[in-house]
Amino acid sequence: MFMGEYNHSIDAKGRIIVPAKFREELGEEFVVTLGLDGCLFVYPDTEWQSFVDKLKSLPGNREARQLQRYFLAGAITCEVDKQGRILIPSKLREHAQLEKEVVFVGVLGKIEIWSKERWEANNDFGDVEAIAENMSDLGISF
């Protein structure tokens with residue numbers, strides 16, 4: 001399970017140091033793809049395979065096909081270099097607006113990569129108590 005928040009910077013070539021805590025759990029190869037809310041998703045191989053299986057099981061309607069294309073077309077396999085970095089292609093950097101400061105966020109079975117500005121704008125957690133109240137409908141209580 002991934003958890004925690006780590007701040008790093010991206011260099012001019014699009015390389016980012018992956019936090020050491022995350023590198024251990026990601027393994028030799030892992031997948032980076034377009035995420036939701038303006039971030040990137042990073043999946044270790046086993047989680048990626050599980051996610052792809054879920055995408056395969058979707059009905060063959062237009063929305064399902066769009067969702068499959070969204071996540072699969074931009075997906076890349078990554079390996080960490082000797083300095084602990086990965087190269088993020090320009091298409092993915094543009095999607096997440098990664099320019100200088102980057103935030104890695106562990107979220108259960110995946111990691112999210114955010115631009116620092118987007119992370120701060122989208123995750124002020126001001127309404128988290130109201131959200132938590134609504135989770136009781138799903139059987140989650142705090």
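The values are calculated or read from the model by the stated rules, or taken from the named source; none is laboratory data. The model shown is predicted, which means the values in this text are computed figures rather than measured ones. Quick reminder, even Gly has a Cβ in these numbers, built from the backbone with ideal geometry, and neighbours come from all protein chains shown. Remember, those area values only see protein heavy atoms, side chains included, never the ligands or the DNA or RNA. Shrake-Rupley method; radii C 1.70, N 1.55, O 1.52, S 1.80 Å.
Is it true that some residue in segment 88-99 is under 25 Å from residue 50 (Cα atoms), touching a Phe, Trp or Tyr at 6+ places or on another chain (Cβ under 9 Å) and open to solvent by less than 30 Å² (accessible area, probe 1.4 Å)? Yes, there is a match, as at least one residue in segment 88-99 is under 25 Å from residue 50 (Cα atoms), touching a Phe, Trp or Tyr at 6+ places or on another chain (Cβ under 9 Å) and open to solvent by less than 30 Å² (accessible area, probe 1.4 Å). Restricted to segment 88-125, and to residues there that are in a helix (DSSP H, G or I), touching a residue at least 60 places away in the same chain (Cβ under 8 Å) and basic (Lys, Arg), the residue that is nearest to residue 34 (Cα to Cα) is 93. Residue pairs whose Cβ atoms lie under 6 Å apart, sitting 6 or more positions apart in sequence or on different chains, and linking a residue in segment 68-84 that is within 15 Å of residue 26 (Cα to Cα) to a partner that is open to solvent by 50 Å² or more (accessible area, probe 1.4 Å) and of a type in the set (Gly, Ala, Ser), do not occur here. Of everything in segment 98-142 that is within 30 Å of residue 78 (Cβ to Cβ) and among the small types (Gly, Ala, Ser), the residue that is modelled with the lowest pLDDT is 121. Determine whether residue 74 is open to solvent by less than 80 Å² (accessible area, probe 1.4 Å), touching a strand residue (DSSP E or B) at 6+ places or on another chain (Cβ under 9 Å) and at positive phi. Criteria not met by residue 74. Does segment 41-53 contain at least one residue that is touching a helix residue (DSSP H, G or I) at 6+ places or on another chain (Cβ under 6 Å) and not in a strand (DSSP E or B)? Scanning segment 41-53 turns up no residue that is touching a helix residue (DSSP H, G or I) at 6+ places or on another chain (Cβ under 6 Å) and not in a strand (DSSP E or B).
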